[in-house]
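The values are calculated or read from the model by the stated rules, or taken from the named source; none is laboratory data. All of these numbers come straight from a predicted model, not from anything done at the bench. For neighbour counting, all protein chains shown are included, and Cβ atoms are generated from backbone atoms with ideal geometry for every residue, glycine included. Accessible surface is based on the protein model in full, side chains and every heavy atom, while ligands, DNA and RNA are left aside. Shrake-Rupley method; radii C 1.70, N 1.55, O 1.52, S 1.80 Å.
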Number of protein chains: 2
Amino acid sequence: MIDEQEPTPDETPRPGLSRRGLFGLAAGVGAAGLALGAGGGAVAATAIARSGTGGSSVHPFFGEHQAGITTPMQDHLHFAAFDVMAGTDRADLQSLLQDWSYAAARMTQGLEVSATGAVGGSPEAPPDDTGEALGLPASGLTITLGFGPTLFRAEDGTDRFGLANLRPRALEKLPAFLGDDLDPAVSNGDLCIQACADDPQVAVHAVRNLSRIAFGRARLRWSQLGFGKTSKTTAAQATPRNLFGFKDGTANILADDATALADHVWVAEDDEPAWLAGGSYLVARKVAMLIETWDRVRLSEQQRIIGRDKSEGAPLSGGREATAPDFAKKDAAGTPAIDAASHVRLAHPDLNDGIRILRRGYNYVDGNTALGRLDAGLFFLSYQRSPEQFVTLQRALSGDLMNEYVRHVASGLWAVPRGARDGSFVGAELFA
Amino acid sequence: MIDEQEPTPDETPRPGLSRRGLFGLAAGVGAAGLALGAGGGAVAATAIARSGTGGSSVHPFFGEHQAGITTPMQDHLHFAAFDVMAGTDRADLQSLLQDWSYAAARMTQGLEVSATGAVGGSPEAPPDDTGEALGLPASGLTITLGFGPTLFRAEDGTDRFGLANLRPRALEKLPAFLGDDLDPAVSNGDLCIQACADDPQVAVHAVRNLSRIAFGRARLRWSQLGFGKTSKTTAAQATPRNLFGFKDGTANILADDATALADHVWVAEDDEPAWLAGGSYLVARKVAMLIETWDRVRLSEQQRIIGRDKSEGAPLSGGREATAPDFAKKDAAGTPAIDAASHVRLAHPDLNDGIRILRRGYNYVDGNTALGRLDAGLFFLSYQRSPEQFVTLQRALSGDLMNEYVRHVASGLWAVPRGARDGSFVGAELFA
């Protein structure tokens, strides 16, 4: 019924480039290529600003580190994992990362994906931008890109993009953990995009448009929406509550703690591989919470499991939320104030050789299960200098009292490269 | 492993009352019963306020009409449908509605579900409130309750609650429409709750706690999260955009248009049945949008389908967004400026005997399909004085050009009673 746009003769797809790459974004991406080659400035100079109402945060896209890691947590998350499609070669992968960086740089500044956007192009072509964020401000949008183990070496061992020798040694599929109940359909992926914004429509718009830009080169494998934050990432922020009703992330690494970030989050110059310096490793775990069961547990038991009181978030050894837990403290009967198998104790750096990670997870609710229970939980995200930090902590939690009430249903690990240099693109180091 | 709370001897469940009803909310619901019987005031007088930061809207729960209909659209939706469980009798249903109203009245004022809440009860009992909204303000929360056809007469014809003679004649399952592809698992329901708030955690908290209060009496059948609004409900509000990137709801009934509300939204005193006067009918339709296909359609065609321009939302007959469409206008070649099969024309009151409805739908994204496409669309909600208004409009849309790009996957109809009188409960008229 409806005439869709068909290629005109002089837009015949070239081998290795998708029709989509030529089309919808022909103008935008062409300009991007030029602009990036010319050393940047294209994004700031663009005429069409999407932002209508202003007044919200704008985070720079270019810089030493990718935004979205130490950026104060925004209210909403849309996370997406992609698989690079068969027939896509090294040059296509590079152009995809260039196109993504170009569009991400624009969208994070409150602009449309290209200069013509949703309404400025030819009426006889599909618009470059899908348009649902027109009139909305940048809304603190950050877009963070990551590379999964399979990008460097496919599961069958193939080196699809000539990147095998650049694979970080630690970038392996995460090991199995006690109690894992993982669904491969919503785990892993060659590439990932973490889009965070204070307006969910802006985060969704970003993932939708980046998926569209990837058409014919990479395909959305799975995606997850989240809200409400579960981790404190700046000192000024009140600690948010997770769906167990407890404050979470009290002892997180804060964005202004440069020493802790250098020690625990950023891959250092003398770590390997060199190209990942200034980057990090991202772990995603979808942790379903059995909230109906939890809700029937008495308050004292809930607090024993967590190791903190529900009201203030103070450790059960006393004090306030910020007070360090005293694991040696005992009551008159000689029982430890903080249970040895409590979550706070088993996850604590003091019990784990000082290991820390930067958490920035979100709550999720995916409707309900067939049993009429809310399908809800924590979409755990953490950044660390090495995956080993997460693995050590997760193993330490194998005896966690909380395990009775959670189920890990999805998992993924990605290497997150340093931020793009002005006018370059995320991952440029791989193609140097 | 974990000791869950077990009933003590003097808390033996009574027939027809759930263990849950006695337990978690024993204190709260008992107090509610007293307070409601005594003519209200309990909610305002309660000592424990949940609200920590303040500064957000608070909407009254009691009043002539239920809140959440003409209330300016909040940013987030959690909609839930419930089925009353076998073994639940008329008295149980009444007590459920009382308990729901009590908790809803409190939560909409930024309070916990009961006076003891998440942390104020006995440490040896499960808390009344699940706690994840502790410290969050009311966030404009409204909770709107509705009664489905099956509450009055089960599908097998049974009159489970002695309400069959009170069934509104128009409260029947909606008829099948051309192109329906409905999933019964996410359609209909004996009861529904529309929770809207500016913070998704507050909306989710409301549905979760109301589900919990219903334990043993009604079971969550399905639920849906939404965001971003798709309808303009006040003159001050900028018209939001749907996931096709177009402004939507331009010609909606606005909250301050008392005449239009009386004519098109509120059930009148001399409509039938008498108990529904001051109420309305709520239609919910989950409309999946084939956005990847839509995104490949050229701009001129997208605009022809909608009948408006994408940038301003102006009708294609000219003018600005607020300009009335001129369906008679033709271009030089004699072609109508607004296509006869465009969405704006087929849905317009002028083409439908002046029929109008109050829309307050939300965008949704439920992750993605197995094909790697975003599972996204519009969760359409409309309020009308009679379901016939919706049926007429939906039939008029059977030739809508937009149908090529949408699929109706879920549907429901509920009678929404008037607002609770101060100290009473929603639906009290059914038990008078």
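Its DSSP H runs of at least 4 residues, each contributing -39,500 (n - 2.57), put the calculated 222 nm mean residue ellipticity of the protein assembly as shown at -5500 deg cm²/dmol, to the nearest 500.
Projecting 7 Å from Cα along the Cα-to-Cβ direction, the label point of B:Lys173 sits 4.4 nm from its equivalents in the other copies, listed shortest first.
B:Glu404 exposes around 90 Å² of accessible area when a 1.4 Å probe is run over every protein chain in place. Please give the total accessible area that chains A and B bury against each other, computed with a 1.4 Å probe and expressed in Å² to the nearest 100. So the total buried area for this chain pair works out to about 5300 Å². Within segment A:149-182, list the residues whose amide N lies under 11 Å from a label point set 7 Å along Cα→Cβ of A:Glu388. Within reach of a label on A:Glu388, which here means backbone N under 11 Å from a point 7 Å along Cα→Cβ, segment A:149-182 contributes A:170. The H on the amide N of A:Ala410, modeled in the peptide plane, is under 5 Å from the matching H of A:Asp183, A:Lys286, each at least 5 residues off or on a different chain.
Above 15 Å, the calculated P(r) of segment A:286-340 contains 53 percent of its Cα-Cα pairs. Computed over protein heavy atoms with a 1.4 angstrom probe, the accessible surface ordering of A:Met107, A:Met85, largest first, is A:Met85, A:Met107.
In plain terms, chain A is cut at each of the trypsin sites (Lys or Arg not before Pro) found in a DSSP loop with at most 10 other Cβ atoms within 10 Å, and the longest leftover piece is A:1-168.
Computed with a 1.4 Å probe on the full set of protein chains, the accessible area for B:Val283 sits at about 0 Å².
Normalised by the number of residues in chain B, the average gap of Cα pairs under 8 Å and 6 or more apart makes the relative contact order 23 percent.
Globularity index of the protein assembly as shown is 0.96 (Cα radius of gyration / 2.2 N^0.38 Å, N = number of residues). One chain, two ends: A:Ala370 and A:Leu351. Fully extended at 0.36 nm per residue, the span grows by 2.9 nm beyond their Cα-Cα distance. In chain B, the longest principal axis of the Cα atoms and the axis of helix B:200-213 are about 50 degrees apart.
Other residues with beta-carbon under 13 Å from the beta-carbon of B:Asp183 carry, at +1 per Lys or Arg and -1 per Asp or Glu, a net charge of 0.
In segment B:129-201, the portion of solvent-accessible area held by carbon and sulfur atoms comes to 52 percent [1.4 Å probe, whole percent, DNA, RNA and ligands not counted]. How would you classify segment A:329-432 from its alpha-carbon gyration tensor, with a ≥ b ≥ c the square roots of the eigenvalues: rounded for a/c under 1.5, else prolate if a/b is greater than b/c, otherwise oblate? In terms of gyration-tensor shape, oblate.
Copy-to-copy label distances for B:Ala238, where each label lies 7 Å from Cα along Cα-to-Cβ, are 2.8 nm in order of increasing length. How far apart, in nm, are two points set 7 Å out from the Cα along the Cα-to-Cβ line at A:Ala262 and at B:Asp422? With each label placed 7 Å out from Cα toward Cβ, I get 6.4 nm. Each principal axis of the Cα atoms in chain B has its own extent, and those three values, largest first, are 85, 45, 42 angstrom. Sorting B:Glu388, A:Glu272 by solvent-accessible area of protein heavy atoms yields B:Glu388, A:Glu272, largest first, with a 1.4 Å probe. Overall, chain B carries a charge dipole of about 720 debye about its Cα centre when +1 sits on the Cβ of Lys and Arg and -1 on the Cβ of Asp and Glu, all other atoms neutral. Computed with a 1.4 Å probe over protein heavy atoms only, the accessible surface of the protein assembly as shown comes to 37 Å² per residue.
Treating r as the C-beta distance of B:Asn165 and B:Thr234 and R0 as 30 Å, the FRET efficiency rounds to 0.15. Based on the Cβ-Cβ distance of B:Lys173 and A:Ser300, what FRET efficiency does E = 1/(1 + (r/R0)^6) give at R0 = 30 Å, to the nearest 0.05? Efficiency at R0 = 30 Å is approximately 0.05. In the assembly of identical copies, B:Arg407 has its label point, taken 7 Å from Cα in the direction of the beta carbon, separated from the corresponding points by 2.7 nm (ascending, one decimal).
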